[in-house]
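Undergrad: Quick one: the structure is below, questions incoming.
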Amino acid sequence: MATTNSNTHITTHTELSIQISLSGLSFCILNANTKQVDVLKHIRFNKHETPYQLLEHVQALFKNETCLQQDFSNVQIIHTNELSTLVPKPLFNEDCLADYLKYNSKILKSDFITCDDIDINDSVNVYVPYVNVNNFIYEHFGAFTYKHFSTILIESILQIEKNADQPKLYIHMGARNFEIISVVNRELQFYNTFEYSSKEDFIYYLLFTVEQLKLNPETIQLVFVGDILEHSDIYNIAYKYVRHISFGSNKHNYTFNQQPETPHAEFVILNSF
């Protein structure tokens, strides 16, 4: 299971969350008392990096960002990759972690595999974290917590939809991947991640999913979160085929030293605290 200890000897109320992927990283510093986001920053890499190069980016981050050179009451790492799968909790066996992943993800025998509990969905998220980054963070801070980004994404959306009475199709947009989350009767119906490089890739996967789930594009409520702007190419092509489109927002009412570009930007990291 992922580490759940915290730095209890530190009296500061400042928390740090870092979301890492092979295409970029974000970090957020939150004052837990005032609910103010002091720092929120995203760094996009020029190309898709290797895990070793990702570690170099994280090391450079701590060297160059003076705001990270302080003590935090809690430190969390969010691992963003496609190497994850959901398992219903009644069927879960911790001795079979590799078996759950090997059929839909390319994993190596040397990969470290862990899992997160998703209590709101009575499921377990099995995934491969970036162990080299975890080791660096442990050397830097000592105890910390870590989760897969899809754990936070699914938990947050199900929490937002807990009193909803209409089906929703959420799309979380990233630089190279997007996730589709279907919620029906306040329960998770479908989750998957797709790699894309064009708006045509995007709309193909979206319409295929809509068809497979037997959803009606004339009536389904589609909600965008993440890295997307209104009237962007992705938005426009979705609007061409789906009638009802809106944007979500993170579930906490934080104040910001510097306001994010949109209320739905950095959805996962802002819902991670």
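The values are calculated or read from the model by the stated rules, or taken from the named source; none is laboratory data. These numbers were taken from a predicted model, which means no experiment stands behind them. Because the Cβ atoms are built from the backbone with ideal geometry, glycine has one as well, and the counts that use them run over all protein chains shown. Each accessible area value is taken on the protein alone, full model and side chains, heavy atoms only, with ligands, DNA and RNA left out. Shrake-Rupley method; radii C 1.70, N 1.55, O 1.52, S 1.80 Å.
Undergrad: What is the distance, in nm, between label points placed 7 Å from the Cα along the Cα-to-Cβ direction at D165 and at T219?
TA: Taking the two extended label points, one gets 1.5 nm.
Undergrad: While we're on this one: Would you mind calculating the relative contact order of the range 100-246 from Cα pairs under 8 angstrom and at least 6 residues apart, reporting the percent as a whole number?
TA: Working: 185 pairs, mean separation 24.0, N = 147.
Reported as a whole number, the value is 16 percent.
Undergrad: Given the options K168, K47, K251, state which has the largest fluctuation in a GNM of the chain using a 10 Å cut-off (strictly under) for Cα springs.
TA: K47
Undergrad: In terms of modelled amide H atoms, which long-range or inter-chain residues lie less than 5 Å from the amide H of S123?
TA: Those lying under 5 Å, H to H, from S123 are K89, I118.
Undergrad: Protein chains only, probe 1.4 Å: how do T34, T80, T50 rank by accessible area, largest first?
TA: Numbers: T34 85, T80 30, T50 65 Å².
Ranked list, largest accessible area first: T34, T50, T80.
Undergrad: Starting at the first residue of the range 110-123, write each ³J(HN,Hα) from the Karplus equation 6.51 cos²θ - 1.76 cosθ + 1.60 with θ = phi - 60°, in whole Hz, x for Gly and Pro.
TA: 7, 5, 7, 10, 9, 7, 10, 7, 10, 4, 5, 10, 6, 9
Undergrad: While we're looking at this one, here's another question. For helix 199-212, what angle does its Cα long axis make with the longest principal axis of the chain, in degrees from 0 to 90 and rounded to 10?
TA: 70
Undergrad: Starting from the Cα of K41, draw a straight line to each of the aspartates and glutamates and keep only those under 17 Å, dropping any in the same chain fewer than 8 residues away.
TA: E15, E65, D227, E261, E266
Undergrad: Which residues in the range 209-236 have a backbone N closer than 12 Å to a point placed 7 Å from the Cα of N192 along the Cα-to-Cβ line?
TA: 209-214
Undergrad: Would you mind getting the accessible area per residue of the chain, heavy atoms of the protein chains only, 1.4 Å probe, in Å²? Each step should come with its number before you reach the end.
TA: Numbers: 14030 Å² over 273 residues.
So the chain comes to 51 Å² accessible per residue, rounded to a whole number.
Undergrad: Counting residues in the range 181-273 as N, plug N into 2.2 N^0.38 Å and put the Cα Rg over that result.
TA: Normalised Rg, Cα atoms only: 1.16.
Undergrad: Give me, ordered by chain and number, the residues 5 or more places off E187 or on other chains with an amide H under 5 Å from its own placed amide H.
TA: Here nothing satisfies the definition.
Undergrad: Moving on. So what's the range 116-273 giving for Rg/Rh, alpha carbon basis, Kirkwood Rh from the mean inverse pair distance? Each step should come with its number before you reach the end.
TA: Details: Rg = 16.5 Å, Rh = 16.8 Å.
Here Rg/Rh amounts to 0.98.
Undergrad: Carbon-plus-sulfur fraction of the accessible area of the chain, 1.4 Å probe, in percent?
TA: Values: 6540 of 14030 Å².
Ligands and nucleic acids excluded, carbon and sulfur reach 47 percent.
Undergrad: Let me ask something else. Please give every one of the aspartates and glutamates within straight-line cross-link reach of K106, meaning a C-alpha to C-alpha distance under 14 Å, and leave out same-chain neighbours fewer than 8 residues apart.
TA: Counting by Cα, and skipping residues close in sequence, K106 has these aspartates and glutamates nearby: E82.
Undergrad: How high is the relative contact order of the chain? Use alpha-carbon pairs under 8 Å, at least six apart in sequence, and give a whole percent. Please report the intermediate quantities before stating the final value.
TA: Working: 485 pairs, mean separation 51.0, N = 273.
Over the chain, the number comes to 19 percent.
Undergrad: Percent relative contact order of the range 1-155, based on C-alpha pairs within less than 8 angstrom and at least six residues apart? Display every interim value, and only then the final one.
TA: Working: 263 pairs, mean separation 45.4, N = 155.
Contact order relative to length: 29 percent.
Undergrad: Once phi is turned into θ = phi - 60°, what whole-Hz ³J(HN,Hα) does the Karplus curve with 6.51, -1.76 and 1.60 give for every residue of the range 149-160, x standing for Gly and Pro?
TA: Using θ = phi - 60°, the values come out as 4, 5, 4, 5, 4, 5, 4, 5, 5, 5, 5, 4 Hz.
Undergrad: If I fit a long axis through the Cα atoms of helix 51-64 and take the longest principal axis of the Cα atoms of the chain, what angle between them do I get, 0 to 90°, rounded to 10?
TA: Relative to the chain, helix 51-64 is tipped by roughly 60 degrees.
Undergrad: Using Cα springs under 10 Å in a Gaussian network model of the chain, which residue among E49, E230, E65 shows the largest mean-square fluctuation?
TA: Between E49, E230, E65, it is E65 that shows the largest mean-square fluctuation.
Undergrad: Any idea which of L86, N33, S105 is furthest toward the positive side of the dipole for the range 3-105, if Lys and Arg beta-carbons carry +1 and Asp and Glu beta-carbons -1?
TA: N33
Undergrad: Net charge near K147, counting Lys/Arg +1 and Asp/Glu -1 over other residues with Cβ under 12 Å of its Cβ?
TA: Working: positive: none; negative: D116, D117, E155.
Value of the local net charge: -3.
Undergrad: Still on this structure, please answer the following. Largest first, please: the extent of the C-alpha atoms of the chain along each principal axis, to the nearest Å.
TA: For the chain, the Cα spread along each principal axis is 53, 45, 38 Å.
Undergrad: DSSP loop (so not H, G, I, E, B), at most 14 other Cβ within 10 Å: list which trypsin sites (Lys or Arg not before Pro) in the range 79-138 pass both filters. Write down the numbers at each step before the final one.
TA: Working: sites: K102, K106, K109; in loops: K106, K109.
Sparse-neighbourhood loop trypsin sites (Lys or Arg not before Pro): K106, K109.
Undergrad: Could I ask something else about it? Report the antiparallel proportion of the DSSP beta bridges in the chain as a percent, rounded to a multiple of 5. Each step should come with its number before you reach the end.
TA: Details: 40 of 62 bridges.
Roughly 65 percent of the beta bridges in the chain run antiparallel, per DSSP.
Undergrad: Can you list the HN-Hα couplings for the range 261-273, worked out from phi with the Karplus curve (6.51, -1.76, 1.60; θ = phi - 60°), rounded to whole Hz and with x for Gly and Pro?
TA: 4, 9, x, 9, 6, 6, 4, 6, 5, 6, 9, 8, 7
Undergrad: Still on this structure, I have one more. How tilted is helix 131-141 with respect to the longest principal axis of the chain? Cα atoms for both, answer in degrees (0 to 90, nearest 10).
TA: Around 40 degrees separate the two axes.
Undergrad: Which percent of Cα pairs goes in each bin when the distances of the range 30-117 are cut into 5 angstrom slices starting at zero?
TA: Bin by bin from 0 Å, the calculated values are 2, 8, 16, 17, 14, 14, 13, 11, 3, 0.
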